[in-house]
Structures are given as C-alpha cells and as structure tokens.
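A.B. asks: For reference, the structure I am asking about is given below.
The values are calculated or read from the model by the stated rules, or taken from the named source; none is laboratory data. For clarity, every value in this text was computed on a predicted model and none was experimentally measured. All Cβ positions, even for glycine, are placed from backbone atoms using ideal geometry, and neighbour counts span all protein chains on display. Surface accessibility is based on the protein's heavy atoms, side chains included, excluding ligands, DNA and RNA. Shrake-Rupley method; radii C 1.70, N 1.55, O 1.52, S 1.80 Å.
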Amino acid sequence: MQIDLSVIDITKKFDEFTAVERVSFEVNQGDFFSILGPSGCGKTTLLRMIAGFTEPTAGTIYIRGNDMAGIAPNKRPVNLIFQQLALFPMMTVEENIAFGLQRRRENKADIRKKVRAILDRVELPGFGEKQIDQISGGQKQRVAIARCLVLNPTVLLLDEPLGALDLKLREQMKVELKKLQAQVGTTFIYITHDQSEALVMSDHVAVMNQGTFEQLDTPQNLYNKPQTPFVARFVGQNNAWSGTVHQGQERYHEIRTDEGLIFRTRAEEQLEPGQRVDLFLRPEAMLIQPDPGLTELNRFDVVVNSILFDGANSQLLVSPLNSRRELIVALPQNRQYDYIDEGDKIELGWDKDSGICFRER
Amino acid sequence: MKAFSGKLHIQWTLVCFLTPVVLWLSLLIVLPHIDLLLMSFRTEDDSGRLMWSLSNYMLFFREPIYWLTFVRTAVYSILVTFLTFVIALPVAFYITKVAAPRFQGFLTLLLLLPFWVSELVRVYGWMILLRESGVINHFLLKTGILDRPVEMLYNDVTMIMGLVYTSMLFMVVPLIGVLESLDDSLIEAAYDLGANMWSILIKIIIPHAVPGIVSGSIVVFMLTLGNYLTPNLMGGKNSLWFTEQIYNQFIASFNWNQGSAFGFLLLVLSSLVIWVGLKLTNQKLSKVVK
Ligand SMILES: Nc1ncnc2c1ncn2[C@@H]1O[C@H](COP(=O)(O)OP(=O)(O)OP(=O)(O)O)[C@@H](O)[C@H]1O
Ligand SMILES: [Mg+2]
C-alpha cells in the first residue's frame with residue numbers, strides 16, 4: 001500500500017514554548033486519519049506545518065515520498081479546510097469552487113464541468129449561482145469541502161470543520177463526510193477535539209496531548225486497549241480509581257483501592273507489589289446485580305445517588321459504600337432495571353478483563 | 001396629554017441638535033455658494049455696471065491656458081490618487097497583517113507624525129532637501145556622484161511626489177480599516193488553493209478593500225484637486241494648478257466674478273469625477289463615507 005504522508009520527528013517551537021514535539025507518523029493512501037486531542041495540544045500547529053503555513057523547527061514531511069521542506073503552500077499537493085471555512089464572501093459558490101482550477105489555468109469548459117460534477121457529489125446541484133451568505137451552515141461546509149476536493153489533492157487536511165455547526169447537523173455531517181471520503185478515496189487528515197467524531201469516522205486515530213502523540217491506533221483499540229492513562233481518560237467515559245498493587249501474577253493483578261475494595265484486573269505494564277496505580281473502568285463494563293453464578297467477577301456494593309435518564313445513554317451515578325467517590329454506570333434501557341430507585345443499595349460486578357490499570361504518574 | 005408632552009420633548013431635543021448643524025450648513029456652505037453662483041453669472045459691462053451674462057464661463061473655454069490647466073489639474077489629481085493608493089496599500093497591509101500587533105499603534109502614529117507640523121513647514125522641509133543648494137545635492141556632490149548640483153525642485157515629478165506625500169495618511173487610514181476586517185484565513189485559503197501573491201491581491205484583497213479604497217480615493221482626490229500650497233511652492237513655472245488660477249482671479253486680478261466661475265467649474269469637476277468613480281466601482285456614496 002502506498003504511503004501518502006509521512007512525518008518524521010517533527011517539532012515546532014514558539015520561542016521557548018514547544019507546541020509540537022518529535023511527532024512521527026505515516027498515513028496510507030485512502031485512509032481517514034484523525035488527530036484527536038484537547039484544545040491547545042498543538043493540532044492546528046501540526047496541520048499548518050503539513051499545509052506549509054508554518055515552518056517546522058525540526059523534522060521532515062514527505063508527501064508521496066517528496067520532501068516538502070521549502071515548498072510553499074500553493075505548490076503543495078495538499079489542501080486545508082479551515083476551522084472557520086474561509087469561503088470567499090465576494091464570490092459565488094461556483095466562483096469559490098472554481099478558484100483553485102482557475103489558478104491552474106485550466107480551460108473554462110473543463111472548469112465548468114468539474115464544478116458541476118463536484119457540486120453533484122456534495123449534493124448541492126444548482127447551488128453554483130448562490131452567494132456565500134445565502135446558504136446555510138451545513139451547505140457552506142460542503143462548499144468548503146468541494147472547493148478543495150475539486151483540486152484532487154493527495155491529502156485533504158480538515159481542521160475541526162464541524163466545530164461551528166450545531167449538534168444535530170454535526171451528527172449528520174459526520175456520517176456524510178465519512179461516506180464522501182469512502183466514495184472519493186482521498187486521504188483525509190482530520191483534526192478534532194471531539195472523540196466521537198474521531199471514533200465514528202476514522203480508520204486510524206492519533207491521540208495527541210501537549211504536543212506529542214500518546215497513542216496511534218484503530219478506534220476500537222483506542223477504546224478497548226488504551227496504552228496511557230491520558231488516552232483512557234480522554235477517549236470515551238471512564239471511571240478512575242487510585243490504589244496500590246496488592247499482589248500480581250503475569251498480566252492480572254490484585255489491586256487494593258484507596259477505599260479498601262479489592263479488585264483483580266489487567267495491566268498493560270509490569271507492576272510490583274506496593275506500586276501506586278490508577279485503575280480505569282468503563283461505565284458499560286459494570287453489570288448491575290450480576291448473576292450469582294458468575295464467580296470470577298469483581299463484586300462490590302454501591303448506593304444509587306441519582307438516575308440520569310437519556311434514552312439509550314442512560315446512566316446511574318453511584319457511590320461505593322462508605323465512600324464519597326462517584327462512579328458512572330451505564331443503565332441499559334431493557335426495562336430489566338426499572339425497579340432501581342435513588343437511594344437503593346445494589347451490587348455491581350465486572351470482569352477482570354474489562355478494567356485496565358497503569359502505574360501512577 | 002402625557003404622550004403629547006413626550007413627543008414634544010423628543011422634538012425639542014431634535015431641534016436642539018439640528019440647529020447648529022443647519023446653521024453651520026446654511027451660513028458657511030450654502031449661502032456663500034449661492035452668492036458665488038450668482039456672482040459667476042455677472043460681468044461688468046464697459047461702463048462698469050454689473051449685468052447677467054455667461055461670459056465668465058465663455059472665457060474659460062476660449063482661453064486654452066484656463067482649460068488646459070483645468071484638464072492638467074484633473075489628470076494629475078487622478079494620477080496622484082492612484083499613486084497614493086499604490087503606495088498606501090502595501091503600507092496598510094504591512095501594518096494590519098504583517099507587523100506584530102504591539103507595533104501596529106506605533107506604526108500608525110508614525111504615519112500621523114508629519115501631520116503635526118503644518119503643510120507649509122512640510123513643504124519647506126522638502127524644499128530644503130531638494131533645492132539646488134539642498135541637503136541631497138550637497139550629499140551627492142560630496143560623494144562624487146554629481147559634479148555639479150541639479151535643480152530637483154520646480155518640476156512636475158517633484159510636485160506629484162509632494163502631493164502624494166501629503167495625501168498618504170488619508171488613504172492609509174481607511175485602508176487599515178477595511179484590511180483589519182479582512183479575515184487572515186481568506187488569504188491563507190487562497191494561498192492554499194494555489195494562488196500566488198498577485199492573484200491574492202487581485203481576487204481577494206482588493207475586492208474586499210473596495211469601500212476603503214473608494215472613500216480614501218475621494219478624500220485624496222478632493223484634497224489634491226483643491227490643494228494650493230504644494231503645487232504653488234514645489235511645482236515649476238509651467239506646472240500651474242487650477243487653484244492658482246482661481247487665486248489669481250480673486251487676489252491678483254480682483255475679478256471675483258471670474259474667480260467664482262472657475263470655482264464652480266472646479267466643484268462640478270470634482271463632483272463629476274467622484275460620480276464616475278462611484279459608478280465604475282459600483283459603490284454608493286452613503287455606504288462609502290460610513
Ligand atoms: N503563532 C504562535 N505563537 C506562539 N504560540 C502559539 C502560536 N500558535 C500556537 N501557539 C501555541 O501553541 C499551542 C498549540 O496551539 P494550536 O493552535 O496548535 O492548538 P490546537 O490543538 O489546534 O487547539 P484548538 O483545539 O483550541 O484549536 C497553544 O498553546 C498556542 O498558544
Ligand atoms: Mg486548532
């Protein structure tokens with residue numbers, strides 16, 4: 001498989017502050033690659049270095065094997081969709097989309113044909129004559145994508161393009177964008193701080209924190225096998241406990257939490273008895289009133305503090321007995337748990353493979 | 001009753017605000033102009049009595065010296081406006097988009113600095129630099145580039161340079177205004193889509209800046225057209241400005257009727273050029289002066 005983009009040890013310093021530090025990765029042709037991280041972690045800086053707007057302090061960027069050092073943004077085979085879209089307000093939709101083609105001095109008939117085709121592709125047929133301020137937010141989004149895709153870039157860079165849309169439209173555009181990418185087959189590099197966007201759309205996701213990549217993996221692995229505490233906290237919801245290792249064998253360890261509960265769980269790293277650890281457990285990993293026949297489960301009693309009803313995402317907020325720690329537990333809406341009320345005491349259980357613990361840092 | 005008094009109250013405040021404006025407009029602008037207009041249509045006959053006639057205007061068209069100066073002034077004013085724009089655009093672009101934000105205020109102040117001295121002093125400053133025994137000639141002679149001093153003053157090029165210099169600020173300030181409202185990401189997006197500097201300028205920056213360009217151009221054009229001092233002091237014997245003709249009629253020939261006719265022709269000319277300019281750029285005056 002061809003590698004479209006390869007970034008090697010790239011670093012960006014703003015005076016003393018390091019925004020991006022020794023980041024390396026490769027993106028295969030046709031991949032939907034996301035970079036997920038909290039605000040200010042250096043995502044935009046990284047993307048602008050790939051687009052050519054920011055000069056890296058160190059490191060190299062190759063696009064289809066060509067070194068991009070010293071090549072201006074207008075000469076790179078990549079296009080960037082800006083956080084604020086940056087459509088040209090003085091031009092119509094058609095002129096916006098034709099802008100790049102005109103700069104390449106393609107002939108007028110070809111330009112018209114290509115603009116038509118791309119407008120159909122993004123499901124905006126007949127919108128060419130409209131002024132930019134006459135179309136809706138979702139339509140602007142699609143014009144911005146069309147404006148770049150019509151140039152057939154090797155890599156399309158997207159900087160939180162759905163950030164400005166309202167929730168409903170965002171959900172819809174998420175699916176459309178994924179579909180569009182699959183159809184055109186262009187390599188997408190997509191930046192977001194919304195983990196659900198990254199998980200839903202991507203083939204691969206890199207989780208970024210303070211200028212470095214914490215983990216680069218498939219969405220499933222990020223969720224199920226986080227390799228760092230940051231990833232465990234940032235991707236999906238997680239309950240966190242701190243405790244000490246009681247005893248350990250191979251990959252499973254007995255952990256004693258600070259409130260005195262004893263759990264058996266999996267660890268990705270070597271742990272010694274007495275080591276301080278952080279234990280993470282997904283809300284949906286906890287079974288409510290598990291069958292007494294399941295002897296392998298970690299079991300503990302909790303008091304229900306409140307019930308957060310939200311359809312399929314309903315949750316319980318519970319606290320272990322004699323503890324003020326609040327845990328989130330998924331509440332399946334199959335009517336099996338309708339009897340649970342606030343203040344009830346219930347038993348929870350979880351499998352030793354669904355938790356994960358890391359050395360405290 | 002209450003509603004009535006409320007309405008009355010509003011009307012009184014309106015009157016209070018409007019009175020000075022109306023007085024100012026009518027006393028200082030409308031009345032003198034009506035007087036000038038009337039005057040321009042009168043001439044003295046042989047016996048020295050005033051009578052209605054078009055002869056003041058006829059004279060303008062009969063004597064080439066007058067209408068040639070008139071055309072020259074118009075063409076040079078347009079040229080000055082254009083040159084000022086060409087120089088002011090990069091300056092405004094640098095101040096708004098390139099310079100670090102903390103220097104922006106300082107740079108604008110720097111532009112303003114020459115206007116703290118009067119135009120007369122500014123023009124004399126240029127003269128000290130440029131005249132035959134001036135600083136530049138002295139320097140060029142010392143370094144051996146010239147072996148005899150040249151007169152750099154009193155020609156059209158110097159005069160135009162002086163006029164552009166005087167007008168800079170009035171073009172830069174409105175341009176800074178419009179360029180500040182131009183989103184940087186538009187420029188970057190154009191660059192990213194393959195545009196070079198020239199097409200970014202033509203396709204993105206200038207279309208966005210049109211309102212500022214038009215309002216700056218109107219101000220610069222009117223100021224240049226009506227300028228007296230700079231063309232008079234820096235221009236040569238052959239580079240007459242139309243304002244000098246008006247001055248001559250009023251002061252030297254003491255022919256107020258002829259002077260008013262010239263004044264009115266200048267007013268018509270500036271209105272006409274501005275109207276054509278607005279039509280060409282598809283702008284509305286009320287929008288531009290905002
Ligand atoms: N031109 C600059 N000069 C100095 N510091 C900068 C500059 N650009 C970015 N930074 C800093 O680099 C860090 C990363 O910025 P960046 O814009 O890449 O964040 P981001 O991950 O895109 O965040 P967000 O999700 O909020 O857009 C920030 O702390 C920011 O303050
Ligand atoms: Mg950003």
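A.B. asks: Using the basic label-point model (7 angstrom from Cα toward the beta carbon), what is the residue A:291 to residue A:308 distance in nanometres?
C.D. replies: Each label point is offset 7 Å from its Cα along the Cβ direction, giving 3.0 nm.
A.B. asks: Please list, in order along region A:268-277, the HN-Hα scalar couplings obtained from phi with the Karplus expression 6.51 cos²θ - 1.76 cosθ + 1.60 (θ = phi - 60°), rounded to whole Hz, x for Gly and Pro.
C.D. replies: Couplings: 8, 10, 5, 10, 9, x, x, 5, 6, 9 Hz.
A.B. asks: Tabulate in residue order the Karplus-calculated ³J(HN,Hα) for region A:227-240, using 6.51 cos²θ - 1.76 cosθ + 1.60 with θ = phi - 60°, rounded to whole Hz; enter x for Gly and Pro.
C.D. replies: With the stated coefficients, region A:227-240 comes to 9, 9, x, 4, 5, 4, 6, 7, 9, x, 8, 8, 9, 10 Hz.
A.B. asks: Still on this structure, I have one more. Quickly estimate the mean residue ellipticity at 222 nm for the protein assembly as shown, helices only: each DSSP H run with n ≥ 4 gives -39500 (n - 2.57), and the total goes over all residues, rounded to 500.
C.D. replies: Rounded to the nearest 500, it is -14000 deg cm²/dmol.
A.B. asks: While we're looking at this one, here's another question. State the extension gain, in nm to one decimal, for the chain segment bounded by residue A:237 and residue A:361, taking 0.36 nm per residue of separation less the distance between their alpha-carbons.
C.D. replies: Using 0.36 nm per residue and subtracting the Cα-Cα distance, I get 42.7 nm.
A.B. asks: While we're looking at this one, here's another question. Run the numbers for residue B:14 and residue B:57: contour at 0.36 nm per residue of separation, minus the present Cα-Cα distance, in nm.
C.D. replies: 11.3 nm
A.B. asks: Let me ask another. Tally Lys and Arg at +1 and Asp and Glu at -1 over the other residues with C-beta under 12 Å from the C-beta of residue B:153: what net charge comes out? Spell out each step's value before the answer.
C.D. replies: Values: positive: B:131, B:237; negative: B:132, B:151, B:156.
Its environment carries a net charge of -1.
A.B. asks: Turning to a different aspect of this structure: What accessible area, summed over both chains, is buried at the A-B interface (1.4 Å probe, Å², nearest 100)?
C.D. replies: It comes to approximately 1700 Å² buried between A and B.
A.B. asks: Where the centre of each part is set by its Cα atoms, how far does region A:322-350 sit from region B:161-226, in angstrom?
C.D. replies: 65 Å
A.B. asks: Next up: Going from the alpha-carbon gyration tensor of region B:5-67, what semi-axes, largest first and in whole Å, does one get by taking the root of 5 times each eigenvalue?
C.D. replies: With the √(5λ) rule applied to region B:5-67, the semi-axes are 44, 14, 8 Å.
A.B. asks: Ok, one more. Per residue, how much accessible area does region A:237-359 show when a 1.4 Å probe rolls over the protein heavy atoms, in square angstrom?
C.D. replies: 52 Å²
A.B. asks: Hey, in the GNM for chain A with a 10 angstrom Cα cutoff, which one of A:126, A:100, A:163 fluctuates hardest?
C.D. replies: For chain A, modelled as a Gaussian network with Cα springs under 10 Å, the answer is A:126.
A.B. asks: What net charge do the residues around residue A:57 carry, taking every other residue with its C-beta under 9 Å from that of residue A:57, with Lys and Arg at +1 and Asp and Glu at -1?
C.D. replies: My count for the surroundings of residue A:57 gives +1.
A.B. asks: What whole number of Å gives the distance from the Cα centroid of region B:21-91 to the Cα centroid of region A:11-36?
C.D. replies: 67 Å
A.B. asks: Also: Just to be sure I understand: of the beta bridges DSSP finds with both ends in the protein assembly as shown, what percent are antiparallel, rounded to 5?
C.D. replies: 75 percent
A.B. asks: Using only Cα atoms, what Kirkwood radius does region B:165-255 have, in angstroms? Before the final figure, lay out the partial values.
C.D. replies: Details: mean 1/r = 0.0625 Å⁻¹.
It is 16.0 Å.
A.B. asks: Under a crude label model (7 Å from the Cα following the beta-carbon direction), how far is residue A:71 from residue A:116 in nanometres?
C.D. replies: So the label points at residue A:71 and residue A:116 sit 3.3 nm apart.
A.B. asks: Quick one: divide the alpha-carbon radius of gyration of chain B by 2.2 N^0.38 Å and tell me what you get.
C.D. replies: For chain B, the normalised Cα radius of gyration comes out at 1.28.
A.B. asks: Principal axis extents for the protein assembly as shown, Cα atoms only, whole Å, descending order, please.
C.D. replies: Extents along the principal axes, in whole Å: 132, 87, 52.
A.B. asks: At a Förster distance of 45 Å, what's the computed FRET efficiency of residue A:259 paired with residue B:184, Cβ-Cβ distance as r, to 0.05?
C.D. replies: The formula returns an efficiency of 0.30 here.
A.B. asks: May I pose another question? If the elastic network links every pair of Cα atoms under 10 Å, which of B:44, B:180, B:244 fluctuates the most in the Gaussian network model of chain B?
C.D. replies: Residue with maximal mean-square fluctuation among B:44, B:180, B:244: B:44.
A.B. asks: Could you please report the charge total around residue A:340, scoring K, R as +1 and D, E as -1 over all other residues with beta-carbon less than 15 angstrom from its beta-carbon?
C.D. replies: Counting the neighbours of residue A:340, the net charge comes to -4.
A.B. asks: Here is a further query. Quick one: Karplus J couplings for region A:284-299, per residue in order, coefficients 6.51, -1.76, 1.60, θ = phi - 60°, nearest Hz, x for Gly and Pro?
C.D. replies: Going residue by residue, I get 7, 7, 8, 8, 8, 6, x, 4, x, x, 7, 7, 6, 5, 6, 10 Hz, with x marking Gly and Pro.
A.B. asks: At residue A:218 and residue A:13, where each label point lies 7 Å from the Cα along Cα→Cβ, what is the point-to-point distance in nanometres?
C.D. replies: Going from the residue A:218 label point to the residue A:13 one covers 4.0 nm.
A.B. asks: Next up: Under a Cβ-only charge scheme (Lys and Arg +1, Asp and Glu -1), can you give me the dipole magnitude of region A:192-265 about the Cα centre, in debye to the nearest 20?
C.D. replies: Working: 5 positive and 9 negative charges, 45 e Å.
In debye, rounded to 20, region A:192-265 gives about 220.
A.B. asks: To one decimal place, what Kirkwood hydrodynamic radius in Å is obtained for region A:3-233 from all pairs of distinct Cα atoms?
C.D. replies: Answer for region A:3-233: a Kirkwood hydrodynamic radius of 18.2 Å.
A.B. asks: A follow-up question, please. When ligands, DNA and RNA are left out and all protein chains stay put, how many square angstrom of accessible area per residue does region B:130-217 have with a 1.4 Å probe?
C.D. replies: 47 Å²
A.B. asks: For region A:125-171 and region B:228-272, write down the distance between their C-alpha centroids in whole Å.
C.D. replies: Their Cα centres are 58 Å away from one another.
A.B. asks: Hey, another quick one. Can you work out the FRET efficiency for the pair residue B:110 and residue B:276, with r the C-beta to C-beta distance and R0 = 25 Å, to the nearest 0.05?
C.D. replies: 0.15
A.B. asks: In whole percent, and with a 1.4 Å probe on the protein chains, what portion of the accessible area of region A:237-359 is carbon and sulfur? Mind dumping the intermediate values first?
C.D. replies: Details: 2810 of 6420 Å².
The computed percentage sits at 44.
A.B. asks: First measure r as the distance between the Cβ atoms of residue B:206 and residue B:78, then evaluate 1/(1 + (r/R0)^6) with R0 = 25 Å and state the FRET efficiency to the nearest 0.05. Walk me through the intermediate numbers first.
C.D. replies: Details: r = 18 Å, r/R0 = 0.71.
Between residue B:206 and residue B:78 the formula returns 0.90.
A.B. asks: GNM, chain A, Cα, under 10 Å: largest mean-square fluctuation among A:128, A:138, A:293?
C.D. replies: A:293
A.B. asks: Using only alpha carbon pairs under 8 Å that are at least six residues apart, calculate the relative contact order of chain A and give it in whole percent. Let's see the in-between values first.
C.D. replies: Numbers: 736 pairs, mean separation 54.4, N = 361.
RCO, chain A: 15 percent.
A.B. asks: Where the accessible area of chain B is counted over protein heavy atoms with a 1.4 Å probe, how much of it, in %, is carbon and sulfur?
C.D. replies: Roughly 73 percent of what the probe reaches on chain B is carbon or sulfur.
A.B. asks: For the protein assembly as shown, with the dipole built from +1 on Lys and Arg beta-carbon atoms and -1 on Asp and Glu ones, taken about the Cα centre, which of B:204, B:20, B:38 lies farthest toward the positive end?
C.D. replies: B:38
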